[in-house]
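Take a look at the structure below.
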């Protein structure tokens, strides 16, 4: 399971707490998910067969909660090849040195992800793009974009901000010259990680990511 699916699983558990009051479809789906999660926790200490059944029920409930969170519409993520082909060949003067893509399904939803690495004279920049498909609400919770943060020490910065009009998060450590910017735009999450790069260089690299072009794939 990739990094996105793992964080999305945890973020989806926030849905019951964030649902509104009243017998709305969203609330009923959230309650179903909560019940299934409790059954899954109980089954974890039982035999493998019981756990497998509970996991299946949890997957169905999670899928229902995802659909309600997306206004009941059903979307398919872009094809793996299309996302791979849309990844840039160079970023901020750094040439692409590797690329891979994957399409994964788990717990009632499917994601498409592409990752490319770019290398300059000294720094390395890794770009990962994940298509959230029909689960924007859960994706928002999973990636933490719903929480505003602004922390700073002598060597470390962590904050949420707007990047080209889109919700974004940034972490940077000057002691290791490494950092990361995550941007949610057009139903995709764009994660840029820089090693041996200044904060300004990471921002420049993210500015070169074709966010609107990739967002137009769906």
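Every number here is computed from the coordinates shown, using simple stated rules; none is lab data. The structure displayed is predicted, hence computed values, not measured ones. For neighbour counting, all protein chains shown are included, and Cβ atoms are generated from backbone atoms with ideal geometry for every residue, glycine included.
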Between residue 85 and residue 99, with labels modelled 7 Å along Cα→Cβ, what's the label distance in nm to one decimal, could you check? 1.1 nm
What ranking do 191-204, 153-166 get when scored by the average of other Cβ atoms within 10 Å per residue, highest first? 191-204, 153-166
